[in-house]
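The block underneath contains the structure these notes are about, expressed in structure tokens.
The values are calculated or read from the model by the stated rules, or taken from the named source; none is laboratory data. Predicted model only: the values in this text are computed from it and were never measured. Cβ sites come from the backbone with ideal geometry, for glycine too, and all protein chains shown count toward neighbours.
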Amino acid sequence: MSVTRSGPLPTGREAEYDVVVVGAGVVGCAIARALARHPLRVALVEAANDVGDGTSKANTAILHTGFDAAPGTLEARLVREGHRLLGAFAGEAGIPVEPLGALLVAWDEQQLATLPRLVEKAERNGHHTTRMLSADELRSREPHLGPGALAALAVPGESVVCPWTTTLAYATQAVRSGVDLHLGCRVEKVRTGDPWHRLVTRRGELRTRHLVNACGLHADAFDALLDRRDFTVTPRRGQLLVFDKFARDLVRHILLPVPGPLGKGVLVSPTVYGNVMLGPTAEDLDDKTATGTTAEGLADLREQGGRILPALLDEEVTAVYAGLRAATGQEDYRCAAHPSLRYVTVGGIRSTGLTASLALAEHVLGLLADCGLEPGPERPLAPVRMPNLGEAFPRPYRDAELIATDPEFGSIVCHCERVTRGEIRDAYASTIPPAGPDGLRRRTRARGGRCQGHFCGAELRALSEEYGRGAR
Amino acid sequence: MSRVVDVLVVGAGPAGLAAAARLAAAGAGRVEVLERERTAGGVPRHCGHPGFGADHRGRPLDGPAFARRAVRAALRGGAVVRTGVSATGWAGPLTLDVTAPTGLERIRAHAVVLATGARERPRSARLVPGSRPAGVLTTGELQQTVRLFGPSGALRGRVGRRAVVVGGEPVTRHAVRTLRAAGVEVAAVVTELPRAATGFGAVPVLTRTVVAELLGRGRLTGVAVRGRDGRTSVLRCDTVVFTGDWIPDHELARARGLAPAPGTRGPVTDGAHRTVEPGVFAVGNLLHGVEPAPVAAAEGRAVAAAVLDLLAGLPAHATGVPVVTAGPVRWVTPGLLGPAAVPLLVRPDRRLVRPVLTVAQEGVPLRRERLRGELVPWRSVRLGPEWTSGVDPAGGPVVIGAEECPETA
């Protein structure tokens with residue numbers, strides 16, 4: 001087990017693996033973790049300098065039930081299983097999850113007419129607990145809703161989750177269980193061969209018997225390195241606004257839009273950090289790096305959000321960001337085993353990848369077996385318990401016992417998010433330390449609050465330099 | 001651990017320290033100041049320029065000197081100033097939950113004075129579109145970086161080489177000077193205002209201009225700006241500093257149910273700095289982002305009388321008629337007027353030349369007076385108590401308005 005970020009890759013036997021997983025997003029990390037249960041030499045290789053640095057960090061952070069998936073698809077099955085698996089794992093690993101339930105609010109007759117069809121779809125997906133709410137019931141559950149809501153469909157089980165901790169927990173457990181994690185290591189060429197594929201990176205070469213493509217937005221480009229051209233990934237941008245914690249009391253459920261001919265609409269959802277999120281937009285682009293926000297996108301979100309929850313717009317905006325989903329023009333995942341290449345592609349993992357991740361990993365193990373991988377006996381994974389970032393669970397700054405044993409947990413550095421020196425220090429001492437301020441934020445919430453570093457930015461930088469040996 | 005004190009002051013900036021100094025010296029009992037930062041003194045600690053009043057010999061004070069004197073005065077008066085101690089929420093009326101390296105505490109007070117200050121809105125709260133690169137900060141972060149890492153080479157490595165500064169107020173000037181002193185080239189000052197404050201030296205000031213987009217992945221590479229002609233151009237830079245656009249740090253006040261006033265976004269108080277929550281007072285830039293430190297300190301001193309009244313058993317929460325704004329007036333404090341005539345602090349929305357200020361109640365003009373000179377949106381005007389002397393404490397809202405002199409059009 002090791003984590004590398006720079007310098008030459010290991011050579012000789014050290015550079016030989018049974019399986020290399022390319023892409024350390026939530027899916028790649030889950031696959032590496034699943035492989036780590038077996039006596040295999042596994043590497044997880046990532047172009048960025050941190051895990052979860054692409055789609056996995058900028059999404060709507062919802063643990064879906066899959067009630068509205070296209071019945072009979074792989075996605076529908078894996079989302080349903082993944083919801084159960086991640087729910088259980090979150091409890092073990094300390095990943096914050098809040099099962100708030102969702103309300104699909106109908107604002108016009110057309111949307112109202114759609115709700116019974118959604119109930120039926122949910123039934124076909126095995127979800128029998130949905131319930132129609134009258135306008136009055138809806139109003140009593142969500143008193144701050146804007147005028148004009150006709151009815152809603154309640155979907156219990158829809159939850160909010162911390163996507164950063166989830167990805168990091170998978171990767172941490174994988175590394176602690178023996179997986180090598182090579183960050184800052186873009187695979188530029190694949191020289192296929194038997195028994196070894198050779199992966200050429202700027203930091204050196206790795207050899208592997210089996211290969212998994214978990215490259216997310218770049219899955220089509222990676223496929224092309226092995227001369228596979230089965231699909232094209234179109235980045236679909238989703239811009240999101242995160243509102244101040246004072247908005248949290250305005251909404252109790254995940255408010256989902258009812259899909260209709262005018263588009264998918266936007267959702268309003270609490271976050272596990274105690275904020276409220278509004279978004280996403282859905283813009284099909286060509287540029288897989290276009291994670292910028294636009295004036296039009298933000299204005300459009302505010303307009304839609306103001307209709308759903310008028311008081312939301314009175315609150316300050318804490319963060320604005322955009323993420324890219326991997327659309328492939330097919331209403332399902334694109335998972336394929338290529339036995340002759342001993343290669344598995346995990347593509348087209350759209351907005352449900354976070355939910356499905358653990359089930360996807362199990363599915364990929366099956367596909368690898370189809371490619372001839374004999375994983376050997378199972379063994380337990382190294383235990384993992386992640387620092388809690390969720391508002392609904394105890395945090396160090398309120399933990400008297402913890403502060404008594406270690407006063408650093410009583411010293412708040414990031415005041416908006418109440419992050420302590422102890423948490424910052426521990427993040428840098430963790431299995432996969434942050435590579436910069438963004439990584440630190442995803443591990444601790446530091447600098448993620450309403451002041452965005454106005455008060456704490458300088459001190460956080462000093463602490464990062466102290467604990468992280470100049471990481472920036 | 002649970003304790004009781006006489007007065008708990010939250011925030012050891014100019015207002016909080018001045019309140020604590022005055023109260024402790026006046027025999028208010030145990031006066032305890034909680035400061036979440038590691039040193040007391042507040043924002044002036046980072047402001048290495050004059051503009052903070054003068055010492056007894058008339059020599060101008062800079063921010064750090066002002067801060068040191070404020071801390072000394074509080075301690076000399078007998079107040080306890082605790083740093084690195086965060087008030088994280090309310091456990092009940094007049095009772096705060098506190099986190100410190102020494103552990104958790106629950107402190108109950110006979111009076112709580114909120115003096116939590118203000119912050120500059122960061123890029124996200126201003127809804128500036130674009131990418132999310134490194135190199136985007138506020139004046140506050142810039143100045144603290146200077147204080148922590150020193151003004152010269154160390155800062156240049158940590159801040160950047162070429163900066164664009166957004167804003168057109170005095171604080172913008174301080175950001176520009178801080179950058180230049182650190183060897184950072186300032187490419188331009190960008191402001192939506194039609195006319196900016198002066199003192200930017202040779203730095204080009206682009207007025208009526210907005211930041212349309214931040215550019216760059218990883219590190220900022222430039223900002224796209226849109227000028228008054230609607231055209232967009234790109235200013236190359238690796239750093240952008242967003243200045244001004246203050247919002248009170250009103251978290252504790254709101255957590256106690258004290259709604260922010262529409263203009264100031266701070267809690268509403270009466271002329272004696274009482275909030276509507278019995279025993280809870282608010283002073284300084286928590287009430288209005290922002291006034292200079294000496295003004296904040298004067299508010300801190302002014303709260304002492306009402307706090308002492310409370311400790312003596314007199315009524316302790318704000319009552320009165322609401323004060324609201326009309327026309328080109330951004331905000332006014334206090335937000336409630338009791339029976340006693342008190343001065344008003346009025347902030348214009350934009351530059352006004354020789355404006356006529358008006359006070360009216362239920363449509364009846366109480367006072368109407370032309371001011372000399374001009375008002376600017378980054379400075380308040382203080383109206384003496386005579387402006388509110390005719391207010392009917394049982395009447396409707398008092399409206400503060402401004403009319404511009406026609407010749408300025």
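At a glance:
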read-out: Tally of residues being over 30 Å from A:Ser140 (Cβ atoms), away from every other protein chain (no Cβ under 14 Å) and assigned to a strand (DSSP E or B) across the stretch A:227-262; value: 4
read-out: Residues of the stretch B:209-252 classified as surrounded by 15 or more Cβ atoms within 10 Å (Cβ to Cβ) and touching a Pro at 6+ places or on another chain (Cβ under 6 Å), total; value: 4
read-out: Breaking point among (1) in contact with a Cys (Cβ under 6 Å, 6 or more places away or on another chain); (2) modelled with pLDDT under 95, for A:Thr167; value: (2)
read-out: Looking only at the stretch A:442-465, and only at residues there that are of a type outside the set (S, T, N, Q) and more than 11 Å from chain B (Cβ to nearest Cβ), the one that is surrounded by the most Cβ atoms within 10 Å (Cβ to Cβ); value: A:Ala446
read-out: Filter result (closer than 18 Å to B:Leu142 by Cβ and not charged (D, E, K, R)) within the stretch B:42-57; value: B:Gly42, B:Val43, B:Pro44, B:His46, B:Cys47, B:Gly48, B:His49, B:Gly51
read-out: Looking only at the stretch A:381-421, and only at residues there that are more than 26 Å from A:Ala462 (Cα to Cα) and more than 24 Å from the chain's Cα centre (by Cα), the one that is farthest from the other protein chains (Cβ to nearest Cβ); value: A:Glu401
read-out: Every residue from the stretch A:223-266 that is buried (at least 19 other Cβ atoms within 10 Å of the Cβ), under 22 Å from the mean Cα position of the chain (by Cα) and farther than 27 Å from A:Gly347 by Cα; value: A:Leu241, A:Val242, A:Phe243, A:Asp244, A:Lys245, A:His253, A:Ile254, A:Leu255
read-out: Filter result (in contact with a strand residue (DSSP E or B) (Cβ under 6 Å, 6 or more places away or on another chain) and away from chain A (no Cβ under 12 Å)) within the stretch B:76-89; value: B:Ala79, B:Val80, B:Val81, B:Arg82
read-out: Options A:Asp68, A:Asp18; residue that is part of a strand (DSSP E or B), touching a strand residue (DSSP E or B) at 6+ places or on another chain (Cβ under 9 Å) and among the acidic types (Asp, Glu); value: A:Asp18
read-out: Residue ranges of strands (runs of 3 or more DSSP E) in the stretch B:197-270 with at least 1 members without any contact (Cβ under 8 Å) to a residue 40 or more places away in the chain and in contact with a strand residue (DSSP E or B) (Cβ under 6 Å, 6 or more places away or on another chain); value: B:210-215, B:222-226, B:232-236
read-out: Any hit, the stretch A:431-439, residues being at the interface with chain B (Cβ under 10 Å from one of its Cβ atoms), in a helix (DSSP H, G or I) and more than 17 Å from A:Val51 (Cα to Cα); value: no
read-out: Filter result for B:Gly51 (surrounded by fewer than 22 Cβ atoms within 10 Å (Cβ to Cβ), touching a residue at least 40 places away in the same chain (Cβ under 8 Å) and either assigned to a strand (DSSP E or B) or in the same structural domain as B:Ala175 (by TED's automatic domain parsing) (or both)); value: yes
read-out: Unique residue being farther than 28 Å from B:Val136 by Cβ, more than 14 Å from every other protein chain (Cβ to nearest Cβ) and modelled with pLDDT under 95 when the list is A:Arg350, A:Arg325; value: A:Arg350
read-out: Whichever residue in the stretch A:303-320 is farther than 13 Å from A:Asp244 by Cβ, within 14 Å of another protein chain (Cβ to nearest Cβ) and touching a residue at least 60 places away in the same chain (Cβ under 8 Å) and, among such residues, is nearest to the chain's Cα centre (by Cα); value: A:Gly305
read-out: Among residues of the stretch B:107-134, those that are within 11 Å of chain A (Cβ to nearest Cβ) and either more than 22 Å from the chain's Cα centre (by Cα) or touching a residue at least 24 places away in the same chain (Cβ under 8 Å) (or both), counted; value: 17
read-out: Search result, residues across the stretch A:278-302 that are surrounded by 18 or more Cβ atoms within 10 Å (Cβ to Cβ), within 13 Å of chain B (Cβ to nearest Cβ) and outside any loop (DSSP other than H, G, I, E, B); value: A:Leu278, A:Thr293, A:Gly297, A:Leu298, A:Leu301
read-out: Checklist (1) in a helix (DSSP H, G or I); (2) in contact (Cβ under 8 Å) with a residue 24 or more places away in the chain; (3) of a type outside the set (S, T, N, Q) applied to A:Asp50, failing item; value: (1)
read-out: Residue within the stretch A:40-47 that is outside the structural domain of A:Thr129 (by TED's automatic domain parsing) and over 18 Å from A:Val346 (Cα atoms) present; value: yes
read-out: Any hit, the stretch B:47-57, residues being more than 11 Å from chain A (Cβ to nearest Cβ) and either modelled with pLDDT of 95 or more or under 27 Å from A:Gly422 (Cα atoms) (or both); value: no
read-out: Members of the stretch A:336-392 found to be exposed (fewer than 15 other Cβ atoms within 10 Å of the Cβ) and among the acidic types (Asp, Glu), listed by number; value: A:Asp370, A:Glu374, A:Glu378
read-out: Count of residues meeting criterion [surrounded by fewer than 16 Cβ atoms within 10 Å (Cβ to Cβ), in a helix (DSSP H, G or I) and among the hydrophobic types (A, V, I, L, M, F, W, C)] in the stretch B:274-328; value: 1
read-out: Enumeration of residues in the stretch B:54-66 that are closer than 29 Å to A:Gly410 by Cβ and surrounded by fewer than 19 Cβ atoms within 10 Å (Cβ to Cβ); value: B:Pro64
read-out: Residue that is surrounded by the fewest Cβ atoms within 10 Å (Cβ to Cβ) [pool: residues in the stretch B:67-106 that are closer than 17 Å to A:Val419 by Cβ and hydroxyl-bearing (Ser, Thr, Tyr)]; value: B:Thr88
read-out: Considering residues of the stretch A:172-202 that are of a type in the set (D, E, K, R) and surrounded by fewer than 18 Cβ atoms within 10 Å (Cβ to Cβ) only, the residue nearest to A:Glu16 (Cα to Cα); value: A:Arg198
read-out: Strands (runs of 3 or more DSSP E) wholly inside the stretch A:89-190 containing at least 1 residues that are free of Cβ contacts under 8 Å to residues at least 40 places away in the same chain; value: A:131-134
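For (1) more than 30 Å from A:Leu460 (Cα to Cα); (2) more than 14 Å from chain A (Cβ to nearest Cβ), each residue gets a yes or a no:
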| residue | (1), (2) |
| --- | --- |
| B:Ala163 | no, yes |
| B:Glu169 | no, yes |
| B:Arg173 | no, yes |
| B:Arg177 | no, yes |
| B:Arg180 | no, yes |
| B:Glu185 | no, yes |
| B:Glu192 | yes, yes |
| B:Thr209 | yes, yes |
| B:Arg217 | no, no |
